[in-house]
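The values are calculated or read from the model by the stated rules, or taken from the named source; none is laboratory data. Note that the structure is predicted; figures quoted are calculated from it, not measured. Backbone-built Cβ (ideal geometry, glycine too); neighbour counts: all protein chains shown. Side chains included, ligands, DNA and RNA excluded: accessible areas come from the protein's heavy atoms. Shrake-Rupley method; radii C 1.70, N 1.55, O 1.52, S 1.80 Å.
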Amino acid sequence: MARLVVVSNRVAVPDAASRAGGLAVALQEALERNGGLWFGWSGRITPQSGEQPGVVEQGRVTYATLDLGRKDHSEYYNGFANRTLWPVFHYRLDLANFEREDYAGYLRVNRLFAQKLRPLLRDDDDLWVHDYHLIPLGEELRHIGLGQRMGFFLHTPFPAMEVLLCLPSHARLVRSLCAYDVVGFQTAADLRAFHDYVTVEAGGAVLSNGLVNAHGRTLRAEVFPIGIDVEPLERLARASPRLSSIRRLRKNFGACKLIIGVDRLDYSKGLPQRFHAFQRLLETRPAYRGKVCFMQIAPPSRSDVPEYLELRRMLEAEAGHINGRYADFDWTPLHYLNSAFQRATLSGFYRFAQVCLLTPLRDGMNLVAKEYIASQDPENPGALVLSRFAGAARELDSALLINPYDIDGVAESLARALEMPLDERRQRWAHMMNAVRASSIDRWRESFLAALSSAPFGSEGS
Ligand code: F6P
């Protein structure tokens, strides 16, 4: 059996103090199976990028992480990854920066990763590279002579061709994707966009067996919708009423119906639209005043990137405005929290909340939607209001699907969710729970690894 090597920007080195989330646990399980290596950034910023990765051995798994120099971190992570690729992949061309220096830094760090990873690799390794930070890594490794099987999974959306074409380096980026043997996407729409680009722009072809032929290589491009660790989360949610935090929550919100949203503080999540929709609900349906509360949990993220700071400022002002306008001496409509919570606490929040409101303008998957469903009490489940532009909407089509740009439409769906009869909630929840179980994180991991283990793919004549 091949050894698995995972490469990602962030590496979840287990330590006694932190409890890893679903993705980290799932990858660690795969790494432990035949022994494995997880390689990536250490999370530390130093004057110069590290000469040698720091190595930690834990059981059968080796964690090798590299410090990034200030300039490398700024151009690769804050710059090209998060001010160019992230906004473009999320259809926010208005927020995208196209600085050549950042692009050069992105390529430089990918080359550095390839050079530092190479001595740690064995001939029979299978490599699994994650996310938009590391698209060129496979090609860099091929350049220095590596022939191992390599897979890549994109956690974000892959944009429609017309959007991708706005990225000056689109051609190189897609060529880099073609250096992998397997390229995984979250949804059929992402895969369609990739096919579209390959056939129209790159002179490639989608063969009758579904393989892609482009840039002199044959690869498998497929949909692998990511999921969650369903049973552990169900257990946490069932046990959550015993937590003191959940007892306090019940006491505080006992007289209100609670709407919850949980997201990284990111402009792709449609948070201003969400606040406006809640405001519209209170404005157009005064009966809800004093009876409904909205709790938005939004831990800050990428705080060195100006667009994120600007969003934070804007949301603080909006939250102040809504509470200033509608709060009463004994009722605060909007609870806006910039802190992160433990998984167990979150599962309790989800179970308690009657409605979960998720309004991304564009999202690769949105695992909060799946976590909300898995945390519900089957006898009395809550209702999910979900943007149609989240990857999760493809599987969770029994949610109340909304267009986050349509503020009145979202307010209407919120009211519908708040009033939804028990029978309807149960029926919708049962469908969604089946979908959540069917695409668990284990299934995602195993189907990707199975696809990778059958590479290389012979090309088929057209
Ligand atoms: O899903 C996209 C993603 O970039 C993940 O790769 C990452 O774990 C998450 O968002 C958080 O982002 P960051 O690592 O920039 O804090």
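Based on this model, can you work out whether F113 counts as within 16 Å of the ligand (Cβ to nearest atom), assigned to a helix (DSSP H, G or I) and within 21 Å of L31 (Cα to Cα)? Taking the combined requirement at face value, the residue satisfies it.
Okay, residues lined up against (1) touching a Pro at 6+ places or on another chain (Cβ under 9 Å); (2) at positive phi; (3) at pLDDT 95 or above; (4) not assigned by TED's automatic domain parsing to the domain that holds Q186:
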| site | (1), (2), (3), (4) |
| --- | --- |
| R33 | no, no, no, no |
| L37 | no, no, yes, no |
| S42 | yes, no, yes, no |
| S49 | no, no, yes, no |
| G54 | no, no, yes, no |
| L68 | no, no, yes, no |
| S74 | no, no, yes, no |
| L85 | no, no, yes, no |
| L93 | yes, no, yes, no |
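Annotation note: of G69, G79, the sole residue that is in contact with a strand residue (DSSP E or B) (Cβ under 8 Å, 6 or more places away or on another chain) and of a type outside the set (K, R) is G69.
Residue count for the range 305-325, restricted to those that are under 20 Å from the mean Cα position of the chain (by Cα) and loosely packed, with under 12 Cβ neighbours inside 10 Å: 0.
For A255, indicate whether it is outside any helix (DSSP H, G or I), surrounded by fewer than 16 Cβ atoms within 10 Å (Cβ to Cβ) and over 27 Å from the mean Cα position of the chain (by Cα). Spelling it out, A255 is indeed outside any helix (DSSP H, G or I), surrounded by fewer than 16 Cβ atoms within 10 Å (Cβ to Cβ) and over 27 Å from the mean Cα position of the chain (by Cα). Evaluating A114 against the criteria (1) open to solvent by 50 Å² or more (accessible area, probe 1.4 Å); (2) of a type outside the set (F, W, Y); (3) closer than 16 Å to H130 by Cα leaves one unmet condition, (1). Scanning the range 53-94 for residues that are in contact (Cβ under 8 Å) with a residue 40 or more places away in the chain, among the aliphatic types (A, V, I, L, M) and surrounded by 20 or more Cβ atoms within 10 Å (Cβ to Cβ) returns A64, L66, L68, A81, L85, V88. Which residues, counting only those in the range 79-107, are over 18 Å from G364 (Cα atoms) and polar (S, T, N, Q)? Hit for the range 79-107 is N97, nothing else.
Of the residues in the range 127-136, none is farther than 30 Å from A451 by Cα and either open to solvent by less than 20 Å² (accessible area, probe 1.4 Å) or in the same structural domain as P306 (by TED's automatic domain parsing) (or both). Number of residues in the range 270-327 that are of a type outside the set (G, A, S) and assigned to a helix (DSSP H, G or I): the value is 32. Of the numbered criteria (1) more than 30 Å from S454 (Cβ to Cβ); (2) away from the ligand (no atom under 16 Å from the Cβ), the one P119 fails is (1).
The residue pairs whose first member lies in the range 147-159 and is assigned by TED's automatic domain parsing to the domain that holds L367 and at pLDDT 95 or above, whose second member is not in a loop (DSSP other than H, G, I, E, B) and not β-branched (V, I, T), and whose beta carbons are closer than 6 Å, counting only pairs six or more residues apart or on different chains, do not exist in this structure. The set of residues in the range 58-80 that are touching a Gly at 6+ places or on another chain (Cβ under 6 Å) and part of a strand (DSSP E or B) comprises V61, T65, L66, D67.
The condition of being within 13 Å of the ligand (Cβ to nearest atom), at pLDDT 95 or above and open to solvent by 40 Å² or more (accessible area, probe 1.4 Å) holds for R264. Residues that are in contact with a Gly (Cβ under 8 Å, 6 or more places away or on another chain), more than 20 Å from H155 (Cβ to Cβ), within 16 Å of the ligand (Cβ to nearest atom) and modelled with pLDDT of 95 or more are absent from the range 3-18 altogether. Residues considered: G409, G391, G364. Of these, the only one that is assigned by TED's automatic domain parsing to the domain that holds M433 and either of a type in the set (V, I, T) or under 28 Å from P286 (Cα atoms) (or both) is G409.
Regarding A430, is this residue over 17 Å from P225 (Cα atoms), surrounded by fewer than 18 Cβ atoms within 10 Å (Cβ to Cβ) and at pLDDT 95 or above? It is true that A430 is over 17 Å from P225 (Cα atoms), surrounded by fewer than 18 Cβ atoms within 10 Å (Cβ to Cβ) and at pLDDT 95 or above. Just one of (1) surrounded by fewer than 22 Cβ atoms within 10 Å (Cβ to Cβ); (2) closer than 19 Å to L23 by Cβ fails for L418. It is (2). Of the set (1) at pLDDT 95 or above; (2) over 25 Å from N380 (Cα atoms), all apply to G458 but (1).
Can R238 be described as open to solvent by 10 Å² or more (accessible area, probe 1.4 Å), assigned to a helix (DSSP H, G or I) and either of a type outside the set (F, W, Y) or modelled with pLDDT of 95 or more (or both)? Taking the combined requirement at face value, the residue satisfies it.
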